[in-house]
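Reading through the structure tokens given below for one structure.
Please treat every number below as a calculation from the coordinates, not as lab data. This structure is a prediction, so every number in the text was calculated from the model and none was measured. All Cβ positions, even for glycine, are placed from backbone atoms using ideal geometry, and neighbour counts span all protein chains on display.
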Amino acid sequence: MDAVSDAFQAAFLIYDRNDELIFASRSVTTFLPLPSEHFHRGNRLRHLLGAAYDLGLRAGEPDSALSRDEWLTRQIATNWKERYEAQVSEDGKRWTRFSKRRLPSGYGFCIMTDISEQKRREEQWRADVERVQITEEILDNLGHPVFVQDRNLQLVAVNKVFCSALSIGADNALGADLRRVFDAELAARLQAVSRDVLESGLTASITQSMRLYGDPPRPILVHVQRVGKPGRYFVVASLGEVGAIGTVPVVAIPSAAEPSPPAPSARPIRPDRSLAGRKALIVSGDRRFEAAALDILELLGLDSCCVRGEDELQAFLDAARSVRVTIDLAIVDTHADPRCLQVLQAAEVDYASIAENDVAAELAFIVLERLADLRRRPEPVDDWEISTDHDLAAPEVPEPHSPAPQPLSSLVLVAEDNEINQIVFSQILEGLGYSYQICDHGEEVVRLWAELNPAVILMDVTLPGINGFEAARRIREAAGDQAEGTPIIGVLAQAFDRDREACYASGMNDVILKPLSPDVVEQALMRLVPQVARATTG
């Protein structure tokens, strides 16, 4: 019997029709830590239970109103039931299952089993189910289509908006790959992006022509990112309209992988053509959040500054109201004082809450979505900046978007048709001190190359008219036998080998990838045109 007890990792008590002990396994003291004499053959079960009661082992009975005799009577009664089972915990951590049987012969036995691990797994399972239910509810309440793929790129979750947009039932989509949902070419493209994101962990944003809600095909922005832990990664993709942004393959905003040094609480931003004069207010007490958000807003061309608490926010809004300055959007750190939201609501200021980890990937999209309509308004005439004590300073005079064309080869020619990417190029090249000219059409870049004799060309490969590959080929053909032609740097959305090879085959000298950053652009220029870099930086 002891061998059986050890094999089943359980403790046994066996007693006769007079409730006298016949057998107690060696492991019983693990569950009932009493002196060994209490388990001797012939000892009465009532005496054993009485010793357990005196030791404080009440077998899960929390009712302190029960006297010792009442408790013992209740326990003896359970031992005379044909079948009885209970799961009890004395400390909330260790759980024991008591399984009792009484045979027709009058003999009875009690089996005690440690089920703490089972209870832990049950609690984990319930927590997992609750998280899944909450996640599904969040997904279904989002206003845009979302789908989730596992590491095998099978669909494991879709929200209601996705099913409605693609006219497909969730049961038909789940467990399949994207070929069941999209046409073969689009599915292959999305699968390739998902696989790249899954392997690299880098967020990607592409624009693809899709038919949603039965409407004619139109450009849709697909934002793809990896979530989860090593070994349990998932790919989450969301679909959004890009009509207000531009029909281009990628909205490229520099990544803030490493936070900038702490910034002062106010930072004047030079206005740019697209969002010039629009005003954003950051509400956060976290310097890392502030620095990352300010960098993104600067690249988008917004005027922005930061306040760090309820009192400072209220004072700032009062000062802005007194001089009739309108705050277009407030960016609120999710860890900021909740009372700040009440202040913004009372002042009727539009706001968006975002976590620090999501600033690099999401802030630009939030700003573009919220301010899309504002961008079409006439630009305000009152530029502004706020100092740390909230005094309004004199307005800056905006610099022109592109410097005048340079006759000498000190000019960087940028071929890019995406309005937001143009802003990014402008901010980067101005910050690095380069003269530049931007064009947005394949034919135009060939014409400007001939007219301006630029030092280098930054060539997006997806241009209207003729694409970047064809434009590069025409430039090389027109240059003829010149030993040193104008260096051309291809700008790609994804690091696919076939695209890199196509760049070099068309005559390009180097390749850089979106999202862009000042370091990436500067290093590429230093490699190909170091003499211009020295002239502009020195």
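For the stretch 104-227, taking the reciprocal of the average inverse distance between every pair of different Cα atoms yields a Kirkwood hydrodynamic radius of 17.3 Å. Charge tally for Ala184 (other residues, Cβ to Cβ under 15 Å; Lys, Arg +1; Asp, Glu -1): +1.
Leu202: net charge of surrounding residues, Cβ under 14 Å, Lys/Arg +1, Asp/Glu -1, itself excluded? Around Leu202, the charge tally is +1. Note on Glu185 and Phe23: the model spin-label points, each 7 Å out from Cα along the C-beta direction, lie 7.7 nm apart. Taking amide H as placed 1.01 Å from N in the peptide plane, the amide H of Tyr351 sits under 5 Å from that of Ala330, each at least 5 places away or on another chain. Does the stretch 2-114 come out rounded, prolate or oblate, given a ≥ b ≥ c as the square roots of the eigenvalues of its C-alpha gyration tensor, rounded meaning a/c under 1.5 and, failing that, prolate meaning a/b above b/c? Verdict is rounded for the stretch 2-114. Entry note, the stretch 411-537: relative contact order of 25 percent, from Cα contacts under 8 Å with a spacing of 6+ residues. Sorted fewest first by neighbouring Cβ atoms within 10 angstrom, Ser284, Ser99, Ser167 come out as Ser167, Ser99, Ser284. For the stretch 426-503, just say rounded, prolate or oblate: build the C-alpha gyration tensor, square-root its eigenvalues into a ≥ b ≥ c, call rounded for a/c under 1.5, and beyond that prolate if a/b exceeds b/c, oblate if not. The shape class here is rounded. Taken along the Cα-to-beta-carbon direction at a fixed 7 Å, the label points for Arg498 and Gln118 span 5.5 nm.
Near Ala352: Cβ cut-off under 10 Å, other residues only, Lys/Arg at +1 and Asp/Glu at -1. The net charge is -2. Most tightly packed first, judged by the mean number of other beta-carbon atoms within 10 Å of their residues, the peptides 449-461, 346-358 read 449-461, 346-358.
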